[in-house]
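Have a look at the structure below before the remarks.
The values are calculated or read from the model by the stated rules, or taken from the named source; none is laboratory data. Being a predicted model, the structure only gives us computed values, none of them experimental. Don't worry about glycine lacking a Cβ; one is built from the backbone with ideal geometry, like all the others, and counts go over all protein chains shown.
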């Protein structure tokens, strides 16, 4: 039976972990392998790594690093960044990762979603979409290249297309809310949930477990993902890796 998941999402940059605000000003927060060791002790539902350099710099996934993370981990892992072929996805899944995520590659060539689903199974394929709210015209716009490249593709239509092509999960990341810790964009979550029945996760804005509970109460079973909530502590955003879940999910 499906249940909601609480997912730390960690950004990899120059071999380390960083946290951004609205995709800008990356702040170093630690070492990927050390983070895995800490989260191992906290009964994490799933841990997601996104390499924010790979696609922008046209780099392939760092398989050596990913292998070391998979060997150390005792929890489900997901990875995104630089994956352009079904063969690369299969390599990463074979290491022990549960899921692989694609974004710009899926928008450039949607058929890749089906190729990956046929190779590793749809349940192991996530499509992650970074979006900004269009304050003048309404709705949401998809971006890639760390928020630099705008796409005309409709968010709802592409979510539906990705699901039809075999994606096992849709991850929606709000650029506006990234690192701001001002709550999830619940209107965005509702819009995507109304369009697809595929499992989905929402990322961007969580400041507390109460925000996660509001998201779950709003859209039902969902992956509640967050970055800052799990790596910062207190008003001054001191780096402290932690993990908590809403009491009703404990």
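Can you confirm whether the range 79-87 contains a residue that is in a strand (DSSP E or B), within 15 Å of the chain's Cα centre (by Cα) and crowded, with 19+ Cβ neighbours inside 10 Å? Walk me through how you get there before you give the answer.
Quick first cut of the range 79-87, residues in a strand (DSSP E or B) only: 79-80.
Next, from what is left, pick out any that are within 15 Å of the chain's Cα centre (by Cα): 79-80.
With the extra rule that they be crowded, with 19+ Cβ neighbours inside 10 Å, the set shrinks to 79-80.
Within the range 79-87, one or more residues are in a strand (DSSP E or B), within 15 Å of the chain's Cα centre (by Cα) and crowded, with 19+ Cβ neighbours inside 10 Å.
Does the range 133-141 contain any residue that is in contact (Cβ under 8 Å) with a residue 40 or more places away in the chain, under 18 Å from the mean Cα position of the chain (by Cα) and closer than 14 Å to residue 110 by Cβ?
Looking through the range 133-141, none of the residues is in contact (Cβ under 8 Å) with a residue 40 or more places away in the chain, under 18 Å from the mean Cα position of the chain (by Cα) and closer than 14 Å to residue 110 by Cβ.
Residues in the range 217-239: is at least one over 21 Å from residue 132 (Cα atoms), surrounded by fewer than 17 Cβ atoms within 10 Å (Cβ to Cβ), at pLDDT below 95 and touching a helix residue (DSSP H, G or I) at 6+ places or on another chain (Cβ under 8 Å)?
yes
Among residues belonging to the range 101-115 that are outside any helix (DSSP H, G or I) and touching a residue at least 12 places away in the same chain (Cβ under 8 Å), point out the one that is surrounded by the most Cβ atoms within 10 Å (Cβ to Cβ). Break it down stepwise before answering.
Residues of the range 101-115 that are outside any helix (DSSP H, G or I), as a first pass: 101-103, 109-110.
Remaining after also requiring touching a residue at least 12 places away in the same chain (Cβ under 8 Å): 101-103, 110.
Numbers: 101: 24, 102: 26, 103: 23, 110: 17.
Per the criteria, the residue is 102.
Can you tell me how many residues in the range 22-52 are within 19 Å of residue 174 (Cα to Cα) and within 15 Å of the chain's Cα centre (by Cα)? Can you show your working first?
As a first pass, look at the range 22-52 and keep what is within 19 Å of residue 174 (Cα to Cα): 22-27, 47-52.
Narrowing the set further to residues that are within 15 Å of the chain's Cα centre (by Cα) leaves 22-23, 47-52.
Matching residues across the range 22-52 total 8.
Can you name the condition, by its number, that residue 56 falls short on among (1) over 23 Å from residue 161 (Cα atoms); (2) outside any helix (DSSP H, G or I); (3) without any contact (Cβ under 8 Å) to a residue 40 or more places away in the chain?
With (1) over 23 Å from residue 161 (Cα atoms); (2) outside any helix (DSSP H, G or I); (3) without any contact (Cβ under 8 Å) to a residue 40 or more places away in the chain applied to residue 56, the lone miss is (3).
For the range 15-53, which positions are in a strand (DSSP E or B), in contact with a helix residue (DSSP H, G or I) (Cβ under 8 Å, 6 or more places away or on another chain) and without any contact (Cβ under 8 Å) to a residue 60 or more places away in the chain? Give the derivation first.
Restricting attention to the range 15-53, the residues satisfying the condition of being in a strand (DSSP E or B) are 16-21, 24-30, 47-51.
Now restrict to residues that are in contact with a helix residue (DSSP H, G or I) (Cβ under 8 Å, 6 or more places away or on another chain): 16-17, 19, 29-30, 47, 49.
Residues satisfying the conditions are 16, 47, 49.
When you go through (1) over 13 Å from residue 7 (Cα atoms); (2) buried (at least 18 other Cβ atoms within 10 Å of the Cβ); (3) modelled with pLDDT under 95 one by one for residue 245, which number turns out not to apply?
With (1) over 13 Å from residue 7 (Cα atoms); (2) buried (at least 18 other Cβ atoms within 10 Å of the Cβ); (3) modelled with pLDDT under 95 applied to residue 245, the lone miss is (1).
Name the one entry in 41, 118, 98 that is exposed (fewer than 15 other Cβ atoms within 10 Å of the Cβ) and under 18 Å from residue 167 (Cα atoms). Working first, answer last.
On the way: 41 fails: under 18 Å from residue 167 (Cα atoms); 98 fails: exposed (fewer than 15 other Cβ atoms within 10 Å of the Cβ).
Of the residues listed, the single one that is exposed (fewer than 15 other Cβ atoms within 10 Å of the Cβ) and under 18 Å from residue 167 (Cα atoms) is 118.
Check whether at least one residue in the range 56-73 is touching a strand residue (DSSP E or B) at 6+ places or on another chain (Cβ under 8 Å) and within 28 Å of residue 218 (Cβ to Cβ), and report yes or no.
There is no residue in the range 56-73 that is touching a strand residue (DSSP E or B) at 6+ places or on another chain (Cβ under 8 Å) and within 28 Å of residue 218 (Cβ to Cβ).
I'm trying to understand the selection: among the residues of the range 121-139, which are surrounded by fewer than 19 Cβ atoms within 10 Å (Cβ to Cβ) and under 19 Å from residue 165 (Cα atoms)?
Taking the range 121-139 first, the residues surrounded by fewer than 19 Cβ atoms within 10 Å (Cβ to Cβ) are 121-123, 132-139.
If the condition is that a residue be surrounded by fewer than 19 Cβ atoms within 10 Å (Cβ to Cβ) and under 19 Å from residue 165 (Cα atoms), then 121, 122, 123 are the ones that fit.
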